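Report on the following structure.
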Amino acid sequence: MSVVPVRQNNAFHKDPKFGRLLLVSLIAHALILVAFSADLFGTKTRYKPPVYYVDLIHKPVLNPQAGRPDPRPVSKPKPEPVKPAAQTVTPAVPREPVKPEVKPLVKSEPKPEPKPEPKPKPKPVGKAVTKPADKPAAKPDQAKEQKLQSAIEEMRERQKREDERDALKDKLAKLRDSVGAAATVPADVPVGMPTGQGDEVGVSALAFVQAFIQQNWVLSPYLIDQSRIANIEARATLAYSAAGKLVRFRINNPSGNQQFDDSLKRAITKSEQLPQPLPQDLELVVTFNLKDIAAARR
Amino acid sequence: MLLRWSIAFLLCCVLPWSALAATEIEISAPGEQSVPLALTSFLPDKGPLSAHIADELNEVLVADLDLSGLFRFVEPEAFLDDASRIGLFSTQVNFPQWRLLGAETLIKGTYVLNGDKLIVEARLFDVVNRRLLTGRRYVGETKDVRRMAHAFADLVLKELTGEEGPFSARIAYISNQSGHNELWLMDVDGKRPVRLTDHRSIVLNPDFSPRGKQLLFTSYRANNPDLYRKEIYSGKEAKISYKPGLNVAGRMAPSEREIALTLSKDGNPEIYLLDVSGRIRKRITDSWGIDSDPTWSPDGERLAFISNRQGNPHVFITDIFTGKTTRLTTKGKYNATPAWGPKGDRIAFTRQEGGRFDVYTINVDGSDERRLTFGSGNSEHPRWSPDGRFIVYSSDKGGNRAIYVMRADGTGARRVTALESDCRHPAWSPRW
């Protein structure tokens with residue numbers, strides 16, 4: 001008896017259909033790429049509800065600056081009313097003291113000139129090239145200089161604001177850390193509790209749907225064999241439209257216990273319409289189990 | 001072939017993406033742990049109205065289903081007009097009304113009373129899915145009304161849990177109501193008590209045969225604790241073991257071919273296997289200590305019993321074929337009256353702690369020991385219901401000793417016999 005290998009030679013590659021099939025494969029791959037890039041499959045991105053830090057003691061708001069007395073806004077509006085005044089000659093005087101930091105830049109330029117080339121290397125190179133060129137032009141046109149000054153000033157203001165915002169953020173982060181450390185509350189604390197999740201609008205959509213389904217799930221532990229309570233589990237996929245309507249559902253992995261599975265179907269049926277719409281379509285894979293009951297009995 | 005591989009590759013590319021798209025959440029406990037049940041009053045269908053019939057049907061159903069711990073009854077006051085309509089078909093039931101009340105299950109029923117003849121028809125509906133779950137028509141006499149209700153309660157449990165309830169079964173017990181400790185039989189709710197013996201002596205320790213047609217018990221009728229067997233329907237009685245000394249705690253094997261019994265014919269109480277005619281087949285224990293109170297495992301291969309061979313009385317388990325014996329309990333100074341559960345996984349027993357007996361359960365491997373009764377009084381003689389959901393026991397916490405029933409986790413305890421007489425040694429029959 002002899003064993004003949006199925007393909008003794010590489011005739012497979014000489015098959016005239018091979019090229020055609022290869023072409024089909026390539027086209028199919030190209031189609032996949034096109035489909036995904038064009039989102040033809042409607043690839044659903046994981047729903048990430050906006051999560052904000054909610055602390056009932058130190059009440060957070062979406063925009064921490066809103067409605068608070070801010071020292072800067074006082075100075076902020078001023079430059080603008082100043083601008084029209086800049087057309088007159090008089091404001092030039094008050095403005096000069098306002099730009100003490102700018103002046104060194106300007107004034108330093110003439111000074112390097114007597115000692116021209118040796119030191120201006122590191123910084124003033126650019127300035128030496130540009131500013132001297134500007135300066136003579138600025139002198140004849142004071143308005144231009146003022147504009148420049150005001151622009152610089154604005155930039156500085158903006159920089160300042162950003163710095164302050166960063167500082168504030170740091171402060172908030174520190175405060176949050178300290179509160180979190182003091183409270184020592186686990187990260188998954190429900191909304192409404194200190195260090196809980198949520199935003200100003202309300203509970204995250206996902207948490208809301210979860211709570212709604214759980215509320216509709218009715219199951220007596222006496223229906224389940226007590227020895228199975230700790231490890232009974234079923235998984236279901238639920239798809240909700242943005243209007244909060246259950247579009248479809250499927251029990252992917254039934255538990256094998258009819259009572260348990262029936263209770264899930266009832267819960268899902270009762271959850272077919274959410275009391276409020278969702279931010280977007282939502283597809284959920286829900287794992288149902290009785291771990292909490294088992295833990296309580298231990 | 002290549003095309004197939006291409007398709008397979010395509011699927012491999014697409015499927016994981018579609019799977020990844022969904023968000024995963026976990027719900028680790030139901031929002032409500034008792035099923036909201038609406039139980040309407042049974043209505044007369046073609047016949048005279050009988051408040052007594054309707055009330056009794058409702059009373060039994062409420063008591064049985066409440067004891068199960070499965071249900072939360074929707075307030076009767078909240079019932080809507082659908083409750084006053086007969087409609088026993090799912091098309092005739094106004095499910096949205098019941099759903100508004102939060103009910104998930106609904107029981108509706110009718111009865112026809114014609115002289116002494118009674119026909120009861122009861123239905124269980126799934127309110128959420130708007131469908132009939134189960135229904136039954138019972139034909140009998142007016143005196144059977146409670147039995148009909150118990151039977152329907154069993155059916156409800158069977159439909160919702162997959163296992164029939166034990167409410168149609170009966171409980172045998174010893175009571176001194178007649179002036180002597182005699183054997184009695186009653187419904188699981190304590191109603192319809194019937195005296196079975198008239199030994200005018202001391203009767204104790206009854207036990208049903210696995211098929212429920214016979215009762216074993218010990219009686220001092222002949223001035224010796226002898227073992228008797230009684231046929232429940234015919235009332236015939238036979239003395240099957242009357243050896244000198246104790247002939248107590250007889251328990252029939254699941255096969256109904258053997259009886260485990262404590263005999264002290266040789267002085268020291270030991271456990272023996274007897275055939276149904278009373279002949280000794282095998283000696284199970286042989287130790288210097290007292291061995292008593294045998295109880296069969298559901299597979300009939302092992303016996304649990306009490307022995308003080310290692311000091312204090314403890315529960316031991318022995319294999320009747322190999323003789324291998326292991327100690328089950330390690331705590332307490334006095335453990336007694338073990339009862340092997342019908343599921344085979346747990347054993348109920350009593351333990352004396354602080355001068356008081358309480359009921360405990362333990363896994364057959366010695367793990368997960370739980371105390372089920374608390375408070376004042378002695379709680380003794382635990383026995384399981386045939387489905388393992390409940391335990392019946394006797395307690396003197398109310399003064400006189402009475403029979404109590406509780407769930408197997410110790411919740412929902414309720415007294416089922418009156419306090420006027422002393423009731424003890426209960427035994428729950430197999431399904432009647």
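The values are calculated or read from the model by the stated rules, or taken from the named source; none is laboratory data. In this text, all values refer to a predicted model and were calculated from it rather than measured experimentally. Cβ sites come from the backbone with ideal geometry, for glycine too, and all protein chains shown count toward neighbours.
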Original post:
In the range B:140-186, what count of residues is obtained for those that are within 13 Å of the chain's Cα centre (by Cα) and basic (K, R)?
Top reply: 1
**OP:** Go over the candidates B:S297, B:S277 one by one and state the one that is in contact with a Phe, Trp or Tyr (Cβ under 7 Å, 6 or more places away or on another chain) and farther than 24 Å from B:A413 by Cβ.
**Re:** B:S297
Original post:
Can you spot a residue in the range B:272-282 that is outside any strand (DSSP E or B) and over 26 Å from B:N181 (Cβ atoms)?
Top reply: yes
**OP:** Would you tally the residues in the range A:259-285 being without any contact (Cβ under 8 Å) to a residue 40 or more places away in the chain and within 14 Å of B:D126 (Cβ to Cβ)?
**Re:** 4
**OP:** Would you check if B:T417 is among the hydroxyl-bearing types (S, T, Y) and touching a Pro at 6+ places or on another chain (Cβ under 9 Å)?
**Re:** yes
**OP:** Filter the range A:253-266 down to the residues that are more than 10 Å from chain B (Cβ to nearest Cβ) and surrounded by fewer than 19 Cβ atoms within 10 Å (Cβ to Cβ), then identify the one that is nearest to the chain's Cα centre (by Cα).
**Re:** A:N253
**OP:** Starting from the range B:27-48, take each residue that is free of Cβ contacts under 8 Å to residues at least 12 places away in the same chain and list its partners that are in a loop (DSSP other than H, G, I, E, B) and of a type in the set (A, V, I, L, M, F, W, C), counting only C-beta distances under 6 angstrom and pairs at least six apart or across chains.
**Re:** B:P30/A:W217; B:P30/A:L219; B:G31/A:W217
Original post:
Somewhere in the range B:32-53, is a residue at pLDDT 90 or above, within 11 Å of chain A (Cβ to nearest Cβ) and touching a helix residue (DSSP H, G or I) at 6+ places or on another chain (Cβ under 8 Å)?
Top reply: yes
Subject >> Residue among A:A267, A:A236, A:A230 that alone is part of a strand (DSSP E or B), touching a helix residue (DSSP H, G or I) at 6+ places or on another chain (Cβ under 8 Å), of a type in the set (G, A, S) and within 28 Å of B:S68 (Cβ to Cβ) >> reply: A:A236
Original post:
When only residues in the range A:213-232 that are more than 9 Å from every other protein chain (Cβ to nearest Cβ) and not aliphatic (A, V, I, L, M) count, which is surrounded by the fewest Cβ atoms within 10 Å (Cβ to Cβ)?
Top reply: A:N231
Subject >> Qualifying positions in the range B:321-338 - among the β-branched types (V, I, T) and either in contact with an Asp or Glu (Cβ under 8 Å, 6 or more places away or on another chain) or in a loop (DSSP other than H, G, I, E, B) (or both) >> reply: B:T322, B:T325, B:T329, B:T330, B:T337
Original post:
Out of the range B:379-407, which residues are within 14 Å of chain A (Cβ to nearest Cβ), within 19 Å of B:D207 (Cβ to Cβ) and not hydroxyl-bearing (S, T, Y)?
Top reply: B:W384, B:D387, B:G388, B:F390, B:I391
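Here's the yes/no breakdown for (1) within 14 Å of chain A (Cβ to nearest Cβ); (2) without any contact (Cβ under 8 Å) to a residue 24 or more places away in the chain; (3) within 18 Å of B:D154 (Cα to Cα):
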residue	(1), (2), (3)
B:S68	yes, no, yes
B:G87	no, yes, no
B:Q97	no, yes, no
B:A122	no, no, yes
Original post:
When only residues in the range B:364-377 that are under 21 Å from B:N308 (Cα atoms) and surrounded by 15 or more Cβ atoms within 10 Å (Cβ to Cβ) count, which is farthest from the other protein chains (Cβ to nearest Cβ)?
Top reply: B:G366
Original post:
Is the range B:248-268 home to any residue that is acidic (D, E) and surrounded by fewer than 13 Cβ atoms within 10 Å (Cβ to Cβ)?
Top reply: yes
